[in-house]
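This report refers to the structure that appears directly beneath it.
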Amino acid sequence: MKITFMGAAGEVTGSCYLVEGPDVRFLVDCGMFQGDRDSDVKNRAAFAFEPEKIDFVVLTHAHIDHSGLVPKLCREGYEGPVYSTGATAQLLEIMLRDSAHIHQNDAARANRKRKKSNAVLEPLYTMADADKALLQCQVRPYDEIFKPHDNVRIRMRDAGHILGSAILEIWLKGDKGDKKIVFSGDLGQPGRPILRDPCLIDKTDYLVVESTYGDRQHKALSPSLDEFVEIINDRVLKRRGNVIVPAFAVGRTQELIYYLYHLTYEGRLNNLNVFLDSPMAQSVTELTNRHFELFDKEAKKLATWQARNGGELTLTFTRTVEESMALNSIRSGAIIIAASGMCTAGRIVHHLRHGLGRPNNTVLITGYQARGTLGRRLVDGAKTVRIFGREIAVKAQVSTIGGFSAHADQKAILDWLDGFETPPLKTFITHGEPEAATALAQKINDRPGWQTMIPAIGQSTLLEPVMA
Ligand SMILES: [Zn+2]
Ligand SMILES: [Zn+2]
């Protein structure tokens, strides 16, 4: 048995693991690389395996860095099933089509620019590719074992990260007996709103664990909410500016809306004027509201209050480009939430172009900003940034609130590892920048019996018990 780390090795994005056992070969996740300058090159590179020889694909969740290359995989010859939870499959329908739309637009724009040179840039994949991939999706429920192959059994458990997210328990039949591998997927931070906490797993032979925040502790939620209230009241009401919030359309946006309602319910915020400027985030918010069964207790309670008193907060969804552009003429009092979460594309970039130059505005960062992204440059305190080829002075205040992460912090990851009754034979640390992965590895290695490895991209390793 062998596992090859095709992505999310030494970095956060591009999750894709190839698992090979007797007579079986499958992928866990097939995500896009994002953020870095060379992401596009990596996304366009040929797969290091033959897509038609893969038996099945199983996805931990719908985030594009875990699912975004599935359409490419299917276009390049993969005909088999793509397994996920029901909510993930519904999210994929929104996200893969949105992703295809972005690729088509990007390619069209690039082709207009290079008209003279005659070289035509093909989109990474098209809407037709995404639609074909969606037909290959197969839904499996949480907590029930299914058999995608004679030699493989899989169970998906709630990872508490985004709607539909799963930890995978995988049992592989081998020549020397069964081996179990657990993929943590992306782990949610316990105690976060809307979703339940990550499910604990008691046993495995091998573990692949994420490490996005493996070197950090999140600020506690309640001081983060205090900060949130203060920023909104101070910037929106007193200084008469707008608050511009880049947010992932999936997860963070719904959480922010949850907090805005919750703080209104508590009387700490009043009469807010919130604009959700993202058709995708709107679709996902509507989808989330339909999955009441996946809510935690507090979210169920708030949803009931919201149905009766929702009018105390004005939430406007802007669909069309014209509606989105009209937001730029609002000079004060607006909270504008838009994607993408790391400011790499989408409507948020336009709002930043118009809003960064005004000192009474605030850019409120509430999520992870990968190296090389516009969001990261803002967090790092850049005085000017380049947007659409133009240098823009950053006069707006940039504030970061750390307590809202959708990822478990170091302590939460270690607490989750406590759920294992005995240490796995080996723990592979992925989905983190090198400092984060190394810091987490050190913490884990301090535990008696635990052994870690930080795989490099493309590295393969045999899953056999180490002979003493
Ligand atoms: Zn994720
Ligand atoms: Zn991820």
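Among the lysines, select those whose C-alpha is under 30 Å from the C-alpha of K203, and discard any that sit fewer than 8 residues away in the same chain.
Leaving aside lysines fewer than 8 places away in the same chain, those within reach of K203 are K2, K147, K173, K176, K179, K180, K297, K411, K426, K443.
Please report the relative contact order for the chain, taking Cα pairs under 8 Å with a sequence separation of at least 6, and give it as a percent rounded to a whole number.
Relative contact order for the chain comes out at 19 percent.
In nm, give the distance between the simple-model label positions of N445 and Y265, each being 7 Å from the Cα along the Cα-to-Cβ direction.
Result: 4.6 nm between the two label points.
Taking the 0 to 90 degree range and rounding to the nearest ten, how far is the long axis of helix 434-445 tilted relative to the main principal axis of the chain, both from C-alpha atoms?
The angle comes out near 50 degrees.
In whole Å, how far is the Cα centre of the stretch 177-193 from that of the stretch 357-380?
If you average the Cα positions of each part, the centres end up 30 Å apart.
Return the long-range amide H neighbours of F56 (sequence gap of 5 or more, or a different chain), with a cut-off of under 5 Å between placed amide H atoms.
Amide H to amide H, under 5 Å and 5 or more residues apart or across chains, F56 pairs with R25, L27.
On the accessible surface of the chain, probed at 1.4 Å, how many percent belong to carbon and sulfur atoms?
Carbon-and-sulfur percentage of accessible area, whole number: 51.
Between L135 and H291, what is 0.36 nm times their sequence separation minus the Cα-Cα distance? Round to one decimal in nm.
Additional length available on full extension: 54.0 nm.
If you consider only alpha-carbon coordinates, what radius of gyration and Dmax does the stretch 337-392 have, in Å?
Here Rg and the maximum Cα pair distance are 10.3, 27 Å.
From the square roots a ≥ b ≥ c of the eigenvalues of the alpha-carbon gyration tensor of the stretch 416-468, which class results: rounded (a/c under 1.5), prolate (a/b over b/c), or oblate?
In terms of gyration-tensor shape, oblate.
Relative contact order, percent, of the stretch 392-468 when contacts are C-alpha pairs under 8 Å separated by at least 6 residues?
27 percent
Got the relative contact order for the stretch 267-357 handy, in percent, Cα pairs under 8 Å and 6 or more residues apart?
Answer for the stretch 267-357 is 45 percent.
Report the percentage of all Cα-Cα pairs in the stretch 380-449 whose separation exceeds 20 Å, rounded to a whole percent.
52 percent
Per the Cauchy relation, a quarter of the hull surface: what is the mean projected area of the convex hull of the alpha carbons in the stretch 93-219, in nm²?
12.8 nm²
Grab the other residues whose beta carbon is less than 11 angstrom from that of E464, score K and R as +1, D and E as -1, and report the net.
Surrounding charge for E464 is +2.
Residue by residue, what Karplus-based ³J(HN,Hα) values in Hz, rounded to whole numbers, does the stretch 209-222 have, using 6.51, -1.76 and 1.60 with θ = phi - 60° and x for Gly and Pro?
Karplus-based 3J(HN,Hα) across the stretch 209-222 equals 10, 6, 9, 3, 10, x, 10, 9, 10, 6, 5, 5, 5, 5 Hz.
Could you report the stretch 356-419's accessible area per residue, 1.4 Å probe, as an integer in Å²?
With the other protein chains kept in place, the stretch 356-419 gives 40 Å² per residue.
Once all Cα-Cα distances of the stretch 317-468 are split into 5 Å bins that start at 0, what whole-number percent is in each one?
Histogramming the stretch 317-468 at 5 Å steps yields 1, 7, 14, 16, 13, 10, 8, 9, 8, 6, 4, 2, 1, 0 percent.
Along Cα→Cβ, 7 Å out, is where each label goes; now give me the distance between the ones at A48 and L462 in nm to one decimal.
1.9 nm
About the Cα centre, and with charges only on the beta carbon of Lys, Arg (+1) and Asp, Glu (-1), how big is the dipole of the stretch 247-368? Nearest 20 debye, please.
Using Cβ point charges on Lys, Arg, Asp and Glu, the stretch 247-368 gives about 160 debye.
Above 39 angstrom, tally the Cα pairs of the chain and express them as a % of all pairs, no decimals.
In whole percent, the long-distance tail amounts to 21.
Residues with amide H under 5 Å of G333's amide H, sequence separation 5 or more or different chain, H placed in the peptide plane at 1.01 Å from N; which?
Sorted by chain and number, the residues that satisfy this are G241, N242.
If you take the beta carbon distance between T320 and K147 as r and set R0 to 45 Å, what does 1/(1 + (r/R0)^6) give as a FRET efficiency, to the nearest 0.05?
Efficiency, from the Cβ-Cβ distance: 0.45.
Given the stretch 253-305 reduced to its alpha-carbon atoms as identical point scatterers, what log10 I(q)/I(0) does the Debye formula return at q = 0.21 Å⁻¹?
Evaluating at q = 0.21 Å⁻¹ gives log10 I(q)/I(0) of -0.85.
Using only the alpha carbons of the stretch 1-75, what is the convex hull's orientation-averaged projected area in square nanometres?
Averaging across all directions leaves 4.8 nm² for the Cα convex hull.
Taking every DSSP beta bridge that has both residues in the chain, what percent is antiparallel when rounded to the nearest 5?
45 percent
What order do you get for 378-391, 210-223 when each peptide is scored by the mean count of other beta carbon atoms within 10 Å, highest first?
Ranked by mean Cβ neighbours within 10 Å, highest first: 210-223, 378-391.
In units of 2.2 N^0.38 Å, what is the alpha-carbon radius of gyration of the stretch 175-317?
The reported ratio for this selection is 1.28.
For helix 86-113, report the angle its Cα long axis makes with the longest principal axis of the Cα atoms of the chain; keep it between 0 and 90° and round to the nearest 10°.
Once rounded, one gets 70 degrees.
Rolling a 1.4 Å sphere over the protein heavy atoms, what is the accessible area per residue of the stretch 1-135, to the nearest Å²?
Heavy-atom accessible area per residue stands at 41 Å².
Just to confirm the number: angle between the C-alpha axis of helix 297-309 and the first principal axis of the chain, 0 to 90 degrees, nearest 10?
That helix lies at roughly 30 degrees to the long axis.
Between A382 and D175, what FRET efficiency follows from the Cβ-Cβ distance if R0 is 60 Å, with the result rounded to 0.05?
Computed FRET efficiency for A382 and D175: 0.60.
For the stretch 237-243, take each phi angle, set θ = phi - 60°, evaluate the Karplus expression 6.51 cos²θ - 1.76 cosθ + 1.60, and give the result in whole Hz per residue in order, putting x for glycine and proline.
Calculated HN-Hα couplings, in order: 8, 6, 8, 6, x, 10, 10 Hz.
The values are calculated or read from the model by the stated rules, or taken from the named source; none is laboratory data. The shown structure was predicted, so the numbers you read here are calculated from the model rather than taken from an experiment. Virtual Cβ from ideal backbone geometry, glycine too; neighbours counted across all protein chains shown. Each accessible area value is taken on the protein alone, full model and side chains, heavy atoms only, with ligands, DNA and RNA left out. Shrake-Rupley method; radii C 1.70, N 1.55, O 1.52, S 1.80 Å.
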